[in-house]
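In what follows, a structure is listed as structure tokens, so that the remarks can point back to it.
None of the figures in this text is laboratory data; all of them are computed from the coordinates on show. All of these numbers come straight from a predicted model, not from anything done at the bench. All Cβ positions, glycine included, derive from the backbone under ideal geometry; neighbour counts span all protein chains shown.
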Amino acid sequence: MRLCSYVQGEWVESAGAGTPLFHAIDGSPVAEISSEGIDFGAMVRWGRETGGPALRRMTFHQRALMLKALALHLLQHKEEFYRLSRATGATRDDSWIDIEGGIGTLFAYSGKGRREMPNDHVYIDGAPETLSRGGGFTGQHVYLPLEGVAVHINAYNFPCWGMLEKLGPTLLAGMPAIVKPASQTAYLAERMVRRIVEAGILPAGALQLICGGVGDLLDHLDCQDAVTFTGSATTGLGLKQHPVIVANAVRFTMEADSLNSSILGPDAGPGTPEFDLYVEEVVREMTTKCGQKCTAIRRALVPRELLPAVGDALGKTLDRVVVGDPDLEGVTMGALASRAQVQEVRERVEQLRRCSELVHGSPDRFEVRGGDPQRGAFLPPLLLRCDEPLRHREVHEVEAFGPVCTLLPYDDPAQAVELARRGRGSLVGSVFTFDDDFAREMVLGIGPWHGRLLVIDRECGAESTGHGSPLPSLIHGGPGRAGGGQEMGGIRGVLHYMQCVALQGSPGRIGRISGRWIPGPDPVPDPVHPFRKGLDELEIGQGIVTRSRAIGLEEIERFAELSGDRFYAHMDAQAAAANPFFEGRVAHGYFIVSAAAGLFVDPAPGPVLANYGLENLRFHTPLYPGDSIRVAFTCKQKTPRENEDYGEVRWDCRVFNQRDELVASYDVLTLVARSSGDRLAAERA
Ligand code: NAP
């Protein structure tokens with residue numbers, strides 16, 4: 001099979017002879033790969049001129065629904081991907097992480113996009129900043145999609161997940177992508193891209209694929225483009241210093257290798273649940289994907305006195321690992337992706353052995369069930385131990401990207417911190433303890449050196465997603481050696497593909513541009529109550545200022561009776577006056593909120609369908625018996641739902657007293673029919 005690239009909407013076979021790729025289990029040829037003859041400049045232009053505009057015409061919600069459709073489509077083809085994934089040496093469980101884990105990130109980004117982003121083209125970042133004394137000049141940070149292409153250079157170990165976890169946020173942001181999978185396992189990424197293209201879900205130009213080298217691709221990039229690199233630190237550093245990347249300030253995100261550590265607490269001796277969880281996790285991290293995970297535990301930090309017990313327990317568990325053809329019954333660990341990879345791991349293990357002892361497994365003598373032991377890329381789990389880890393740099397610097405881990409003893413918590421930090425920046429670390437003080441000391445000590453930290457104990461062990469699992473809602477990436485980049489982390493990951501702009505102008509204008517009303521003068525008076533308007537008829541900034549209503553002591557007492565809330569500040573004048581914030585009895589905050597609703601609600605059936613919550617509720621000034629309230633109620637933001645005849649309206653609600661002091665402020669969240677006629681028509685029906 002000659003792998004093709006997907007260039008300017010066409011599948012293109014390379015001009016020259018390809019580099020052969022081999023099956024990890026039996027060594028048979030799987031594919032040939034080459035990108036010779038591709039016009040990389042034209043690819044960049046096609047992405048910028050065709051894919052970008054088409055994506056940017058869509059709203060965040062439309063793009064989010066596109067991701068969901070894509071995920072559903074890929075799920076239908078998953079068995080085909082699983083079959084091909086076997087050639088990478090993966091077991092079914094390994095492939096699940098890659099294939100369904102990858103598809104899962106698309107679902108996750110689809111959900112987040114619809115829940116946390118507006119159905120609009122502008123993403124608003126934080127609250128507005130008032131910039132003038134009179135409140136007539138304001139600032140608002142907003143994000144807009146970059147107008148270039150995102151070049152994704154991916155590592156070989158997760159050909160599907162590595163591609164999809166970047167594609168999700170990129171497409172949601174509204175940016176087209178050029179994906180370059182690592183050659184060794186590109187056949188699986190290529191197959192997935194074929195299925196994506198066939199589905200016709202993405203607009204033309206949104207996705208292109210390079211199978212083979214990137215040629216002069218980077219020479220064509222400028223400041224509207226972005227590169228996200230995943231792979232070894234050496235390759236990444238070279239690319240980061242590419243003259244065009246530097247000169248044009250091309251955004252460059254690097255996810256590199258890392259010597260992740262996992263720390264067993266001194267309290268977690270044999271017999272404790274944390275001890276068992278630790279042993280299980282270290283073995284899982286050594287064997288999942290044959291240890292070819294950037295997040296795998298490479299350094300197991302253990303109190304010196306527990307070292308023999310941990311070594312024994314790990315040895316016994318590793319004895320149960322069966323290496324071989326993942327299709328065969330009982331096989332628990334497959335092969336590395338290629339024999340070149342095996343050779344590289346062997347060399348790294350030799351380097352590690354200069355300061356460590358091999359305490360379990362042998363790279364030269366091991367059993368393989370099925371497959372072709374001579375031509376397949378097999379290696380058993382190898383556990384090393386370095387007794388003086390403070391004296392040797394290698395254990396903190398040499399990454400053996402395979403089923404390899406080194407046990408490192410520590411003498412006290414400060415030393416555990418010091419050892420973990422010697423990785424000089426890691427993607428992830430974990431601490432296994434049931435001791436709050438130890439856990440906190442570790443988190444404070446090693447937190448700044450990590451992108452993600454797990455604290456595992458008996459309370460969360462059973463449900464933990466594991467040391468080595470990046471999650472779409474949490475950031476993936478780490479400082480220093482790990483590359484200094486960040487991916488995913490929910491909407492944070494989307495913003496990498498967008499430009500943050502500090503918008504300045506009048507509150508009304510900025511509100512209308514950004515799609516979220518900014519508090520300024522009272523709402524524009526309108527004879528029609530906003531509750532009588534459908535979503536499509538309402539305009540941001542429209543609203544009402546209500547009449548005023550006095551709040552008497554008797555009403556406060558009736559509210560206390562009705563709600564059962566008899567807190568002394570509402571009921572006992574003397575006790576209330578002794579409180580530093582009050583001069584006497586005050587109205588319940590929840591009474592104020594309820595009375596405010598009584599003022600702004602227009603009760604007859606209409607387009608407003610339901611109130612589904614309040615946000616950002618604050619009480620600013622106490623309300624005393626005899627005071628009165630009035631409400632300024634303004635349409636703040638509209639979020640129509642795609643494929644539904646209703647959407648969300650966020651209202652800004654401000655309650656003032658008779659002295660125009662702000663008593664309470666909050667957002668009211670409602671569901672509103674698209675048009676005022678919808679509801680009436682429904683009622684007539
Ligand atoms: P790699 O050799 O550095 O390659 C990574 C990617 O860079 C591949 O797509 C490779 O393509 C490409 N590449 C190599 N030279 C290039 C050049 N001059 N210009 C443009 N692209 C170039 O890494 P790998 O062997 O695939 O992956 C293993 C490493 O990645 C491990 O060190 C692991 O820790 C790290 N990793 C990190 C993460 C993370 O999220 N931090 C995730 C997975 C893996 P070719 O394959 O065609 O050479």
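Observations on the structure shown:
- Each Lys and Arg contributes +1 and each Asp and Glu -1, all at the Cβ; summed about the Cα centre of the chain, the dipole is approximately 1400 debye.
- Cα gyration tensor shape for the range 55-133, rounded if a/c is under 1.5, else prolate or oblate: prolate
- Angle between the chain longest axis and helix 307-319 axis [Cα atoms, degrees, rounded to 10]: 80 degrees
- In the range 261-472, the DSSP beta bridges split such that about 10 percent are antiparallel, to the nearest 5.
- Here the calculated FRET efficiency for GLU305 and GLU394, from their Cβ-Cβ distance with R0 = 25 Å, stands at 0.50, rounded to the nearest 0.05.
- Counting only residues at least eight positions apart within a chain, or on another chain, the lysines with an alpha carbon under 26 Å from that of LYS638 are LYS68, LYS112, LYS533.
- Relative contact order (%) - criterion: Cα under 8 Å, at least six apart; region: the chain: 13 percent
- Surrounding net charge for LEU67, when Lys and Arg each add one and Asp and Glu each subtract one, Cβ distance under 11 Å: +4
- Positive end of the dipole of the chain (Cβ unit charges, origin at the Cα centre): among LEU65, GLY139, TYR624, the Cα lying farthest that way belongs to GLY139.
- Straightening the chain between ARG284 and ALA17 buys 92.1 nm, computed as 0.36 nm per residue apart minus the Cα-Cα spacing.
- Working ranking of peptides 427-435, 1-9 by packing, defined as the average number of other Cβ atoms within 10 Å per residue, highest first, is 427-435, 1-9.
- For GLU555 and ALA127, the FRET efficiency from 1/(1 + (r/R0)^6), where r spans their Cβ atoms and R0 equals 30 Å, is about 0.35.
- Using only side-chain charges placed at the Cβ, +1 for Lys and Arg and -1 for Asp and Glu, the dipole size of the range 261-472 relative to its Cα centre rounds to 860 debye.
- Residue among SER464, ILE475, VAL501 farthest towards the positive dipole end of the range 443-518, charges placed on Cβ: VAL501
- Modelled FRET efficiency - R0 30 Å, VAL501 with VAL244, Cβ distances, 0.05 increments: 0.75
- Note: relative contact order over the range 1-120, using C-alpha pairs below 8 Å and six or more positions apart, is 26 percent.
- Extending 7 Å from Cα along the Cβ direction at GLU347 and again at LEU474 yields two label points whose distance is 3.4 nm.
- Approximate spin-label separation VAL601-GLU80, in nm, with each point projected 7 Å along Cα-to-Cβ: 5.4 nm
- The Cα atoms of the range 522-684 give a gyration tensor whose axes a ≥ b ≥ c have a/c of 1.5 or more with a/b greater than b/c, which makes the shape prolate.
- Derived scalar couplings ³J(HN,Hα) [the range 327-334; Karplus, 6.51 cos²θ - 1.76 cosθ + 1.60; whole Hz; x for Gly, Pro]: 6, 8, 4, x, 6, 10, 9, x
- A simple count of charges around PRO530, restricted to other residues whose Cβ falls under 10 Å of its Cβ and scoring Lys, Arg +1 and Asp, Glu -1, yields -2.
- Neighbours of SER258 by Cβ distance under 13 Å: Lys/Arg scored +1, Asp/Glu scored -1, total +3.
- One Cα centroid belongs to the range 317-382, the other to the range 462-482; the line between them spans 25 Å.
- Positive-end extreme of charge dipole, the chain - chosen from PRO270, SER426, GLY231 (charges on Cβ): GLY231
- MET571-VAL528 pseudo-label distance in nm [points 7 Å out on the Cα-to-Cβ vector]: 4.8 nm
- Gained length - ARG458 relative to ASP645, 0.36 nm times residue gap less alpha-carbon distance: 62.6 nm
- Shape call, the range 261-472: gyration tensor on alpha carbons, a/c limit 1.5: prolate
- The gain in end-to-end length when the LEU617 to ASP219 segment is fully stretched comes to 138.1 nm, 0.36 nm per residue minus the alpha carbon separation.
- In a reduced charge model with +1 at each Lys and Arg Cβ and -1 at each Asp and Glu Cβ, the range 522-684 shows a dipole moment near 120 debye about its Cα centre.
- Eligible aspartates and glutamates near LYS240 by straight Cα distance, threshold 19 Å, same-chain separation 8 or greater: ASP216, ASP219, ASP222, ASP225, GLU255, ASP257, GLU487
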